[in-house]
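Below is one structure; the comments refer to it alone.
The values are calculated or read from the model by the stated rules, or taken from the named source; none is laboratory data. Quick caveat, the model's predicted, so the values are computed rather than measured. Because the Cβ atoms are built from the backbone with ideal geometry, glycine has one as well, and the counts that use them run over all protein chains shown.
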2 protein chains.
Amino acid sequence: MEKAIGVFDSGLGGLTAVKELSALMPGENIIYLGDTARVPYGSRSPETLVRFAKQDLEFFFRQNVKAVLVACGTISAVALPVLKEMCPVFIEGVVSPAAKRAAEVTKSGKIAVIATNASINSGAYCRELKSINSEFTVTEKACPMFVPIVENGYFGRDSKVAKLIVKDYLSEIKSSGADTLILGCTHYPILRPVIEEFLGDGITLVDSGKEAAKAVCEHIKNTNEENINGGGKNVYCITDEPSGFIHLAELFLNRKIGDEVKKVTLGEDC
Amino acid sequence: MEKAIGVFDSGLGGLTAVKELSALMPGENIIYLGDTARVPYGSRSPETLVRFAKQDLEFFFRQNVKAVLVACGTISAVALPVLKEMCPVFIEGVVSPAAKRAAEVTKSGKIAVIATNASINSGAYCRELKSINSEFTVTEKACPMFVPIVENGYFGRDSKVAKLIVKDYLSEIKSSGADTLILGCTHYPILRPVIEEFLGDGITLVDSGKEAAKAVCEHIKNTNEENINGGGKNVYCITDEPSGFIHLAELFLNRKIGDEVKKVTLGEDC
């Protein structure tokens, strides 16, 4: 079989990037890794995140992938430099592509970023934006409740809980005057309707998983590594039992994937 | 040093049981284990939970404890029989002590239980209550958002988010006519004021961690294993970095514990 592209996240969020990759390059084989036995990653310490991320990446080495997409905002922000050093193939996270896109989109130079605690504490998004243009004004906000509310079904446009928490976290951003908002965690696009309703029309949302998928696609095309035989086979590997994952992933991807899901074991842990 | 009592939970919740144990037997040494690198446990599969629980218990074997209190509702509900088989010393979880207390308290025989997804799916609380009196009417409700809202600070009596989610989860229980409610997860007592305000006076709340601590205390006294030398030294062992834990644990225990916290490594994982 042609070499696959490896995509990983702590849980379901990275499927936003898989969806985009499949749309851009339908012939590619994709191996998805979701560390569902240890989700969520967003509030863990940098030391623990680096340890988990190395185990995630080593899994892909055993699968002999041709490129790796880190579709987890937290790992992208906290551990990408370490992963880049140990990775023999192309690897990209969500931070740099999202920052580039935000820099293209903004007119006022006022950019906001929402992400997990660990991502915001790392300062990675702010550093990346300032390295593009040191005059950007960056407002950052950690939104640690967004992943739990998404995973527990409180994300509909009419959810009172989602509305309250979105208001609580994003009021500061609304009044900051930013014209661009990076959704720095791949779970967040699921809350997009509630976020858009609260923030109104004056702000453009940047989907970090989608931008990362575009960057990987560009690399594959530029290096002539495209799978010219086509076929586009996907495998979903997760570390907890598949049943709960399959149900939510199918809702999310809007197609059946039951036959493509298997449970896997990662390295030594905590 | 005199042998300690081991107390474990996925995160902070089990400190409710530590507080109670220390109050009942101030002379005892306590080793607390919080698996903070893999918290929360409540939505994981039984297979993964059994694996994690065995690693948690093996940690206590290396510490040569004289008794183990499983201060995690999820592990108590899902894995206690497996742990009992492998444990050479007395081990107790929260399910049986909480059920016994609820059976003493109820007048109407209508008992409600709230706990994590995994605990409710296991049916453990219902089985335990029915084994005491098969005529009990048991209403069960999984409350998967309670742990995230507690861990993110939405638990004050005036928190709109806490009020909305409590109403969402507990309306069924309010209309069930139950006169007794088991708080089947050791995080839930932190939401007690909001829960009591919503349910009103007609229902008695049973704190499962507190009841489990009483059961362990009774065993220690009955078997004359009390630490007659006194001293009461506590050690808090956690699997992620200590900084975040120390802050919340000190708020929770209402005393300084910085010097008593250390990071530990458990067995092979996921």
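Here are A:N234, A:N254: which of them is in contact with a helix residue (DSSP H, G or I) (Cβ under 6 Å, 6 or more places away or on another chain), within 16 Å of A:L12 (Cα to Cα) and not β-branched (V, I, T)? Residue meeting the stated conditions: A:N234. Assessment of region A:95-115 against the conditions (closer than 20 Å to A:D207 by Cβ and within 14 Å of chain B (Cβ to nearest Cβ)) yields no matching residue.
At least 2 residues being hydroxyl-bearing (S, T, Y) and within 17 Å of the chain's Cα centre (by Cα) is the threshold, and among the helices (runs of 4 or more DSSP H) wholly inside region B:44-151 those reaching it are B:73-86, B:117-122. Within region B:109-136, being in contact with a Ser or Thr (Cβ under 8 Å, 6 or more places away or on another chain) and more than 16 Å from B:P189 (Cα to Cα) holds for B:G109, B:K110, B:I111, B:N117, B:A118, B:S119, B:A124, B:Y125, B:E128, B:F136. Note on region B:141-159: residues that are more than 10 Å from chain A (Cβ to nearest Cβ) and of a type in the set (V, I, T) total 1. Of the candidates B:V39, B:V18, B:V50, the single residue that is within 14 Å of chain A (Cβ to nearest Cβ) and either surrounded by fewer than 21 Cβ atoms within 10 Å (Cβ to Cβ) or out of contact with any Ser or Thr (no Cβ under 9 Å at 6 or more places or on another chain) (or both) is B:V50.
Conditions tested, residue by residue: (1) at the interface with chain A (Cβ under 10 Å from one of its Cβ atoms); (2) without any contact (Cβ under 8 Å) to a residue 24 or more places away in the chain; (3) under 30 Å from A:A118 (Cβ atoms).
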site	(1), (2), (3)
B:V161	yes, yes, yes
B:Y169	no, no, yes
B:S175	no, yes, no
B:L181	no, no, no
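For region B:158-264, the helices (runs of 4 or more DSSP H) that sit wholly inside it and include 3 or more residues that are at pLDDT below 95 are B:242-253. Hey, any hits in region A:217-236 for a residue that's within 14 Å of another protein chain (Cβ to nearest Cβ) and not β-branched (V, I, T)? No - not one qualifying residue is present in region A:217-236.
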